[in-house]
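Trainee: So that we are looking at the same thing, I have put the structure below in C-alpha cells.
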Amino acid sequence: MTKAETVGACALAVLLALYVVGAVSIPPGSLRHEVQTLPLWFPIVAAFRNKDLAKWAALPCFIFWLTLMIVIWLFLLGWARLISGHFFPSEIAMTLVVGAASFLGIAVCVRWRTTVRPTVAAGMFVLFVALQFLAFRLSLIPYIARR
C-alpha cells in the first residue's frame, strides 16, 4: 500500500468511525457528524487518486481529530474536564478507532515526501485547519446538532 493510499484509508477510517458515532448517539447525531467530517472527503478522494496534496489536506484533519480524542480520553479517565457528557461503550470504541487512524495518518504524513511547493503546502494546511474548525463549529448549531 502506498503512503497516499494509507493516508486515504486512515481518513476513511476516521470518517466511518465518526458516522458510527452519529448513528449510535442518543439523540442520533448523524447530520452533526456528517458536517464535522466534510473536510475529510477531499483528502480521501485525493489520496486514492495518488495526489500529493492529500497529505497537506489530511494532516490538519488528523491532528484535529487526534487532539479531540485525547481530550475525550482525558475526560473519561477523570484527568481533565475540558468537555463533558456521557459516552456509550460503542462511542468509546470509536474514539479508539478515530485516535488510532489519526495517529497512523499523522505518522505516514510525516514520512511522506511530496513534490508540492512549500507555499502551496502551507496554504493547503491552513485552508484545511480553517475548514475543519469551521465544519466542527457549524455542527454545533442547534438545528444541525439535533439531527
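Trainee: Which of the residues belonging to segment 13-33 are outside any helix (DSSP H, G or I) and either surrounded by fewer than 18 Cβ atoms within 10 Å (Cβ to Cβ) or polar (S, T, N, Q) (or both)?
Mentor: Scanning segment 13-33 gives SER25, ILE26, PRO27, PRO28.
Trainee: Next question, about the same structure. Would you mind finding the one in ARG113, ARG137 that is in a loop (DSSP other than H, G, I, E, B), surrounded by fewer than 13 Cβ atoms within 10 Å (Cβ to Cβ) and at pLDDT 95 or above?
Mentor: On the way: ARG137 fails: in a loop (DSSP other than H, G, I, E, B).
Checking each option against the conditions leaves just ARG113.
Trainee: What residue, of ALA93, ALA107, ALA121, ALA80, is of a type in the set (A, V, I, L, M), more than 21 Å from SER25 (Cα to Cα), free of Cβ contacts under 8 Å to residues at least 60 places away in the same chain and not in a loop (DSSP other than H, G, I, E, B)?
Mentor: ALA107
Trainee: If you don't mind, another one. For segment 34-52, name all the residues that are part of a helix (DSSP H, G or I) and either buried (at least 20 other Cβ atoms within 10 Å of the Cβ) or among the β-branched types (Val, Ile, Thr) (or both). Don't jump to the end; show me each part of the working.
Mentor: Narrowing segment 34-52 to residues part of a helix (DSSP H, G or I): 34-36, 38-48.
The answer is VAL35, GLN36, PRO39, LEU40, PHE42, PRO43, ILE44, VAL45, ALA46, ALA47.
The values are calculated or read from the model by the stated rules, or taken from the named source; none is laboratory data. Since we're looking at a predicted model, the values are computed, not measured. Note: ideal-geometry Cβ built from the backbone for every residue, glycine included; neighbour counts use all protein chains shown.
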